[in-house]
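Readers should treat all values here as calculations from the given coordinates under stated rules, not as data from a laboratory. Predicted, not measured: the structure shown is a model, and the values here were computed from it. Cβ placement follows ideal geometry from the backbone for every residue including glycine, while neighbour counts extend to all protein chains displayed.
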Amino acid sequence: MAVPKGADLEELVRAYFARQGFFVLRSVSLRFEGEEVTDIDGWFYGRQSASIRTHTLIDVKDKRSPKAFERILWARGMQLALGCDRAIVATTDSTQKVARFAQQQKVGLLSKQFLDRLQNKLDLSERLTLEQFHDNIRKYPDHKQDGDWIRRIADAKSSLISLQGYPAFNKSMAAFRFFADRALTRPQHKEQALRCAYFVASLACIALDRALEHFLYEETASRFHAIAAGITYGDAGDAKVQKSIETVLSVIAEGMENGRVVARQAKQALEKLFENVRADIIAEYFVKEHNSSALFAAAKELEERAHQVDATQIQTLSVEAKSILGVFADFVQVKRGALISNSSAAKSDGPPRTSDRKSPVGESEAESNGQPEGDAAEPQSKLL
């Protein structure tokens with residue numbers, strides 16, 4: 001199927017920034033309280049060091065009349081709205097006035113001449129485009145009736161820019177559970193399910209990496225409890241949900257007949273419910289710095305495998321990526337074998353299952369943190 005007009009330029013830009021070392025997404029919907037606000041052509045995330053993350057959005061216009069001035073203002077506004085570090089416009093309008101206006105607005109500009117050079121240099125033949133990825137899902141004729149696979153992908157992508165780290169992680173993990181289950185129960189469409197599971201797992205890696213940035217210098221025990229609480233309650237790590245629950249229970253206790261008894265019973269029921277989240281599985285593994293530092297590279301690898309043209313290469317994963325997939329599988333309670341091939345699983349040095357692991361809260365710093373990350377842990381090229 002031919003790539004729709006304009007999409008080929010978006011793929012070209014995506015490939016360029018991916019090769020610069022970024023995690024790149026195409027066509028991401030910004031939503032507010034369930035309502036779609038706008039669609040972003042490209043969003044990319046960089047991990048320049050252990051303590052520095054960058055977020056950039058890009059607007060791509062390949063039209064006879066691209067309205068470059070308008071797109072520059074739109075990109076600048078979206079940069080401020082989303083708190084991105086940079087905004088870029090890729091346009092076929094190459095006039096000097098446009099370049100000067102972009103510079104004045106502090107918006108990066110990819111000109112027609114630059115894009116033409118990219119087209120001559122980059123080979124995109126080994127990767128499925130976004131459109132081809134969706135077409136591959138459509139090979140399963142009942143994908144829409146069976147949970148609407150494409151919508152679930154779009155929802156997980158949207159969470160990365162619409163929600164904070166832990167809520168976005170939980171959203172991606174819900175999609176991961178769905179696709180991992182389908183990889184096991186829909187053997188005739190396992191390829192499609194695997195691609196989707198790997199892709200949403202890559203989103204979960206980025207969401208968790210964003211969340212962990214705020215606890216980089218905390219003690220091991222504090223990091224563990226922060227990760228567990230963030231995932232359990234699905235807030236931004238500010239304990240807002242816990243405080244809201246405590247407020248409601250306090251009102252019940254003080255404002256109702258037999259309120260203290262009712263509040264105590266409600267609290268016990270809630271605690272039992274939250275225990276079922278099993279957030280300690282994620283906290284135990286990623287509290288260790290040498291494990292959490294692998295999230296960004298694993299995200300890029302899983303995203304690339306999900307779009308691999310050669311289906312036989314999808315499951316050729318590194319040990320680090322297999323280990324993270326294994327932890328995610330344990331967290332959502334699906335079989336690892338549904339995601340990692342038998343030959344790969346046998347070679348993997350992935351972590352033991354939950355029942356075989358001990359909590360790291362009491363470990364020494366040397367055991368918990370592993371090798372320290374340097375500020376040059378992830379060297380990365382400049383944007384432009």
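Of note:
- Computing FRET efficiency as 1/(1 + (r/R0)^6) for Asp142 and Ala311, where r is the C-beta to C-beta distance and R0 is 25 Å, gives about 0.80.
- Its residue count N fixes a reference of 2.2 N^0.38 Å for the stretch 1-155, and the Cα radius of gyration divided by that reference is 1.11.
- Applying a threshold of 25 Å to the alpha-carbon distances of Lys300/Lys322; Lys61/Lys190; Lys300/Lys335 flags Lys61/Lys190 as lying beyond it.
- Loop chymotrypsin sites (Phe, Trp or Tyr not before Pro), the stretch 136-195 (other Cβ atoms within 10 Å of the site Cβ: 15 or fewer; DSSP): none
- Restricting attention to the stretch 12-147, close to 60% of DSSP beta bridges with both partner residues there are antiparallel.
- In this structure, Ser29 and Asn120 have a Cβ-Cβ separation that, at R0 = 30 Å, corresponds to a calculated FRET efficiency of about 0.40.
- Spin-label model distance (nm) - Ser250 vs His214, 7 Å beyond Cα toward Cβ: 2.1
- Prolate/oblate/rounded call for the stretch 100-201, Cα gyration tensor, a/c under 1.5 rounded: oblate
- Convex hull volume per residue in cubic angstrom - Cα atoms of the stretch 71-138: 130
- Within the stretch 114-221: Cβ-based charge dipole about Cα centre, in debye rounded to nearest 20 (Lys, Arg +1; Asp, Glu -1): 380
- Most positive-pole-ward Cα, Gln79, Gln96, Gln113, against dipole of the stretch 8-160 from beta carbon charges: Gln96
- Overall form of the stretch 16-98 per C-alpha gyration tensor (a/c, 1.5; a/b vs b/c): oblate
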